[in-house]
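Enquirer: One structure, pasted below without further comment.
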């Protein structure tokens with residue numbers, strides 16, 4: 001397998017993408033009446049996490065834009081946990097193991113996202129290929 005690069009090397013991207021696929025599959029097993037309710041909502045919020053990470057990574061030249069998308073990813077992840085709770089507590093999602101596994105994995109993702117946001121806030125540095133050329137190259 002080729003070495004991962006770009007956003008694909010980020011644990012937060014890989015975990016969020018993997019979880020979105022699991023949530024998508026789980027949502028297709030829910031009762032039919034949930035198709036346009038919680039199932040639709042949880043699919044959107046779960047896919048929004050990795051999408052925001054990708055979009056933010058593409059704009060990482062701008063620290064504030066990068067952070068904006070990372071916070072949106074974090075918010076979508078928290079939203080997904082809430083939809084999971086609704087589905088389980090309303091008994092549309094009956095499989096307790098699925099609920100507990102997904103909840104645990106999303107809490108892990110939330111922690112990783114939060115730590116990554118803190119890292120970017122404190123240690124942000126433009127990628128080297130995006131930095132302005134130095135004076136010596138402009139002569």
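Just so it is clear, none of the values below were taken in a lab; they were calculated from the coordinates. These numbers come from a predicted model, not from an experiment. Note that we place each Cβ from the backbone using ideal geometry, even for glycine, and neighbour counts take in every protein chain shown.
Enquirer: Checking residue 38 against (1) under 17 Å from residue 87 (Cβ atoms); (2) without any contact (Cβ under 8 Å) to a residue 40 or more places away in the chain, only one condition comes out false. Which one?
Expert: (2)
Enquirer: Among the listed residues 102, 93, identify the single one that is surrounded by 13 or more Cβ atoms within 10 Å (Cβ to Cβ) and not in a helix (DSSP H, G or I).
Expert: The unique qualifying residue is 93.
Enquirer: While we're looking at this one, here's another question. Restricting to region 77-95, give me the number of residues that are farther than 18 Å from residue 110 by Cα, within 23 Å of the chain's Cα centre (by Cα) and without any contact (Cβ under 8 Å) to a residue 24 or more places away in the chain.
Expert: So the count comes out to 1.
Enquirer: Also, quick follow-up: Here's a check for you: in region 1-10, which residue that is over 15 Å from residue 56 (Cα atoms) and in contact with a helix residue (DSSP H, G or I) (Cβ under 9 Å, 6 or more places away or on another chain) is surrounded by the fewest Cβ atoms within 10 Å (Cβ to Cβ)?
Expert: Going through the qualifying residues, I end up with 3.
Enquirer: Separate question: Name the residues in region 56-90 that are assigned to a loop (DSSP other than H, G, I, E, B) and more than 19 Å from residue 31 (Cα to Cα), would you?
Expert: Selection gives 59, 60, 61, 62.
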